[in-house]
1. I need the full set of residues from region 1-22 which are outside any helix (DSSP H, G or I) and exposed (fewer than 13 other Cβ atoms within 10 Å of the Cβ), in order please.
2. Regarding region 41-50, can at least one residue be identified that is farther than 24 Å from residue 95 by Cα, part of a helix (DSSP H, G or I) and either assigned by TED's automatic domain parsing to the domain that holds residue 100 or in contact with a helix residue (DSSP H, G or I) (Cβ under 8 Å, 6 or more places away or on another chain) (or both)?
3. Within region 71-103, work out how many residues are under 14 Å from residue 15 (Cα atoms) and exposed (fewer than 15 other Cβ atoms within 10 Å of the Cβ).
4. Just give me the residues in region 30-40 being surrounded by 15 or more Cβ atoms within 10 Å (Cβ to Cβ) and either more than 12 Å from residue 60 (Cβ to Cβ) or under 17 Å from the mean Cα position of the chain (by Cα) (or both), in sequence order.
5. In region 57-66, is there at least one residue being surrounded by 16 or more Cβ atoms within 10 Å (Cβ to Cβ), within 17 Å of the chain's Cα centre (by Cα) and closer than 18 Å to residue 4 by Cα?
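The values are calculated or read from the model by the stated rules, or taken from the named source; none is laboratory data. This is a predicted model, so every value here is computed, not measured. All Cβ positions, even for glycine, are placed from backbone atoms using ideal geometry, and neighbour counts span all protein chains on display.
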């Protein structure tokens, strides 16, 4: 893999780790990966195998699409990151998230269709 792609991959992992509020050691421990491996990936010095990359992105809640599609839009990347986190949740937690999102979507749709709100825009 070309060096620039490895740097991109490393930056994605680092940014996701920081966004999750994890240290490199915490990510390594929670993913059953050596800290040296996390460090090398984040520096763009290692092309990780599937066996190494999978537990990292699963713990970070990021989609492989984020890593392998650098031209993905910011909104699509955020959606993919949410989907990754959703997939990392237990079935019970997934149901809670779905119910919450459904409720929020209904509330937003109701606000959009309310003529009173359109007048204030």
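1. Narrowing region 1-22 to residues outside any helix (DSSP H, G or I): 1-2, 20-22.
Across region 1-22, the qualifying residues are 1, 2, 21.
2. Of all residues in region 41-50, those farther than 24 Å from residue 95 by Cα come to 41-50.
If we keep only those that are part of a helix (DSSP H, G or I) too, we end up with 41-42, 50.
Retained after the next criterion (residues that are either assigned by TED's automatic domain parsing to the domain that holds residue 100 or in contact with a helix residue (DSSP H, G or I) (Cβ under 8 Å, 6 or more places away or on another chain) (or both)): 41-42.
Yes, region 41-50 contains a residue that is farther than 24 Å from residue 95 by Cα, part of a helix (DSSP H, G or I) and either assigned by TED's automatic domain parsing to the domain that holds residue 100 or in contact with a helix residue (DSSP H, G or I) (Cβ under 8 Å, 6 or more places away or on another chain) (or both).
3. Going residue by residue through region 71-103, those that are under 14 Å from residue 15 (Cα atoms) are 74, 77-78, 81.
Adding the requirement that they be exposed (fewer than 15 other Cβ atoms within 10 Å of the Cβ) leaves 74, 78.
So the count comes out to 2.
4. Within region 30-40, the first condition is being surrounded by 15 or more Cβ atoms within 10 Å (Cβ to Cβ), and the residues that meet it are 30-31, 33, 37-40.
Of everything in region 30-40, those that are surrounded by 15 or more Cβ atoms within 10 Å (Cβ to Cβ) and either more than 12 Å from residue 60 (Cβ to Cβ) or under 17 Å from the mean Cα position of the chain (by Cα) (or both) turn out to be 30, 31, 37, 38, 39, 40.
5. Scanning region 57-66, I find at least one residue that is surrounded by 16 or more Cβ atoms within 10 Å (Cβ to Cβ), within 17 Å of the chain's Cα centre (by Cα) and closer than 18 Å to residue 4 by Cα, so the answer is yes.
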